[in-house]
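Chemist: One structure is given below, represented as C-alpha cells, and several questions about it will come after.
Any read-out appearing in this document is the output of simple, stated calculations on the displayed coordinates, not a laboratory observation. This is a predicted model, so every value here is computed, not measured. Counting neighbours? That spans all protein chains shown, and the Cβs are built from the backbone with ideal geometry, glycine included.
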Amino acid sequence: MREELPVAIIGGGPVGLAAAAHLVERKEDFILFESGSQVGTSFLQYGNVRLFSPWEYNINSAAKTLLEQQHIPLPDKNLLPLGKEIVTEYLQPLATLPEMKESIHYNSRVINISRKGFDKVRTNGRDNAPFVITVKENGSIQNYEARAVIDATGTWGNPNAIVNGTDEQKEAPITYGLPDILHEERHKYENKHVAVVGSGHSAINTLLDLAELKRSAPETNITWIIRKENITSALGGGTLDQLPARGELGIRLSTYLQKELINVYTETYISSYGENINKKISLNGTRQGQNIIIENIDEIIANTGAHPNFDFLRGIRYTFDPALESVVDLATLIDPNIHSCGTVRPHGEKELRQPEKDFYIIGAKSYGRAPTFLMATGYEQARSVTAFLCGDVEAAKRVELKLPETGVCSVTPTSTTKFPIQIENNCCSK
C-alpha cells in the first residue's frame, strides 16, 4: 500500500517543479505543496532583476519535453530572463499543464512531516511506514500520506541578519532582498543615505541600481559594507566568467568605484544599530579591529544571503553540516572558501541521502548558507533523486549536468582577472 502513495514535493519553485516534471515523465504520481498563491513566488519578489544565466540553463530537461509536447513556445535559449519572466514564461505554463495542475496545492504551507505511527525515536519498521505531511491549507489543517518526500523549499524566505546570531528582521528598519529601486520603490531611496550590507551578486545588483539612481537624484549617498578584506574579491570573475552577464556585473560596479560614487567599508562587522529621534540609523561595529560608527543612514538594504528553515522537519531524522547548514555530504563539495559555482562537482541522489529513508533536501536548501548554488545544479539533483525513487538506480548514478566554466564567484580572482581599474583595499572608503 505504501508504494501506491505519491511522492510529496514541498516547494513550487523551479527545482520543485523540475522534480514533478521528472516524475510525470516516469508516470509516477506526485503531490506538490506551495505556500504561495502561485508557483515561483520567490522569483516575483525580485521580478525586476535580470538573471545572469541564459534560458539555456534555467529550463529543466523534463519540463522542456512536457512543454514541447503541448506545443507551448519556449523562450530563446540565449536570452537572459528577468526574475518575473521565469514565472510567466516558464513556471506558470508548466504548472498549468494537464499532467501537472491537478497535483499542485497552493496556499499550502507544510508545518510538519512524520512517519505514520512512529515518533522520531522509534526505529523498528520505520522505513516501511508512509510519511504523513501536515499542511495548513487555505486556513485549515490537512494530513496527506506519501511514500517519499522531496524538500525543495529553498532559502529565500530566511534572510541572514546583518548582526551575527540575531533575528532582527521583525522590527528593524531593514529591507531584505532586491527592492525595485529604479521604479516602484524609487521614492524610498532617492536623495537618501542608503547602506547596502553584503558582498554577493545581489549586493552588486543593488549597488548598480543605486548608482544609476544617483545620476538623476544626485543627493543619493551610497555606503557599501562588506566583511571581505578587499573589494576585488567581491567583484566576481570579471572577464574570466564564461557567463558574460555575471562577469559584467563586477566590471560595471568597478567603474562606479573608480568614480568614488560609493563609500566602501571593508572588513566591517556590524554589532548593533539604533535610530535617533530623527529616524536616522546608526550602525555600530568594528572595522579592521577598531570600533566604528556609521551614522545618518536613512535606509538599509541587506543582501546578506539566506539560510534554510528546518522547523517542519523536527518529526523526522535529518542532518546538516554545522557550518554551512547544507546537506552533510555536500559540504566539502560546495564550501565557498574553496569553490565557486563553476567548480562544484556534479552530484546526485547518493550525496543527498538523509538518515530518514526516502527523504531528500534538494535545490538551494541543500546548499544551506553556501552561495555557490546554480539552478541547473538543482535540476540535476531532481533528476537523480526522482530516478532513484522510481527504481532506476543506474540513471540516478549517471551525471547529466553540463555547466559553463563560470569563473570565480565567491573567492578571490586570479591576477589575470580583468577589471577596468585595479581596486586596492579600502580605496573608496571615506
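Chemist: Relative to the longest principal Cα axis of the chain, at what angle does helix 244-258 sit, 0 to 90 degrees, rounded to 10?
Modeler: For 244-258 against the chain, the angle is about 20 degrees.
Chemist: Next question. Quick check: from the Cα gyration tensor, does region 73-162 come out rounded (a/c under 1.5), prolate or oblate?
Modeler: Prolate, since a/c reaches 1.5 and a/b exceeds b/c.
Chemist: Taking a ≥ b ≥ c as the square roots of the eigenvalues of the Cα gyration tensor of region 303-375, is the shape rounded (a/c under 1.5), prolate (a/b larger than b/c) or oblate?
Modeler: Oblate shape, in that a/c is at least 1.5 and b/c is the bigger or equal ratio.
Chemist: Along the charge dipole of the chain, Cβ charges K/R +1 and D/E -1, which of L313, H193, G47 sits furthest on the positive end?
Modeler: Positive-most Cα among the choices belongs to L313.
Chemist: Calculate, in nm to one decimal, what R252 and H187 gain on full extension: separation in residues at 0.36 nm each, minus their alpha carbon distance.
Modeler: That pair, R252 and H187, stretches by 21.0 nm at full extension.
Chemist: Relative to the longest principal Cα axis of the chain, at what angle does helix 14-25 sit, 0 to 90 degrees, rounded to 10?
Modeler: With both axes taken from Cα atoms, the answer is about 20 degrees.
Chemist: Which order do peptides 295-308, 99-112 fall in by mean Cβ count within 10 Å, highest first?
Modeler: Sorting 295-308, 99-112 by mean packing, highest first, produces 295-308, 99-112.
Chemist: Another one. Kindly rank 270-276, 67-73, 151-157 from highest to lowest mean number of other beta carbons found within 10 Å of each residue.
Modeler: 151-157, 270-276, 67-73
Chemist: If the reach is capped at under 16 angstrom between alpha carbons, list the lysines near K188, excluding any in the same chain fewer than eight residues apart.
Modeler: Cross-link targets: K214, K279, K280.
Chemist: Further question: In whole Hz, with x marking every Gly and Pro, tabulate ³J(HN,Hα) for region 104-109 from phi via Karplus 6.51 cos²θ - 1.76 cosθ + 1.60, θ = phi - 60°.
Modeler: Here the 3J(HN,Hα) series is 9, 10, 9, 6, 10, 9 Hz.
Chemist: Given contacts defined as C-alpha pairs under 8 Å and at least six residues apart, what's the relative contact order of the chain, whole-number percent?
Modeler: After rounding, I find 19 percent.
Chemist: Name the residues whose placed amide hydrogens come within less than 5 Å of the amide hydrogen of Y176, ignoring near sequence neighbours (fewer than 5 apart) on the same chain.
Modeler: Amide H to amide H, under 5 Å and 5 or more residues apart or across chains, Y176 pairs with A302.
Chemist: Students often check this: by mean Cβ neighbours within 10 Å, which of 317-326, 6-15, 27-36 ranks highest, and how do the rest follow?
Modeler: 6-15, 27-36, 317-326
Chemist: Rounded to the nearest 10 degrees, what's the angle between the helix 375-389 long axis and the longest principal axis of the chain, both from Cα atoms, 0 to 90?
Modeler: Here the helix axis deviates by roughly 20 degrees.
Chemist: In whole Hz, with x marking every Gly and Pro, tabulate ³J(HN,Hα) for region 141-149 from phi via Karplus 6.51 cos²θ - 1.76 cosθ + 1.60, θ = phi - 60°.
Modeler: Karplus values, whole Hz, x for Gly and Pro: 9, 10, 10, 10, 9, 8, 8, 7, 9.
Chemist: As a test of understanding, state the convex hull volume per residue of region 216-337 from its alpha carbons, in Å³.
Modeler: Value for region 216-337: 195 Å³ per residue.
Chemist: Past 31 Å, Cα to Cα: identify those pairs from K27/K77; K77/K259; K101/K365; K84/K120, in the order given.
Modeler: Beyond 31 Å between Cα atoms: K77/K259; K84/K120.
Chemist: Could you go through region 34-42 in sequence order and give the Karplus-derived ³J(HN,Hα) for each residue, using 6.51 cos²θ - 1.76 cosθ + 1.60 with θ = phi - 60°, rounded to whole Hz, and x for Gly and Pro?
Modeler: For region 34-42, the Karplus curve yields 10, 6, x, 7, 7, 6, x, 4, 5 Hz.
Chemist: So what is the relative contact order of region 189-303, in percent, for Cα pairs below 8 Å that sit 6 or more residues apart?
Modeler: 31
Chemist: Rounded to the nearest 5, what % of the DSSP beta bridges within the chain are antiparallel ones?
Modeler: Counting DSSP beta bridges with both partners in the chain, the antiparallel share is about 50 percent.
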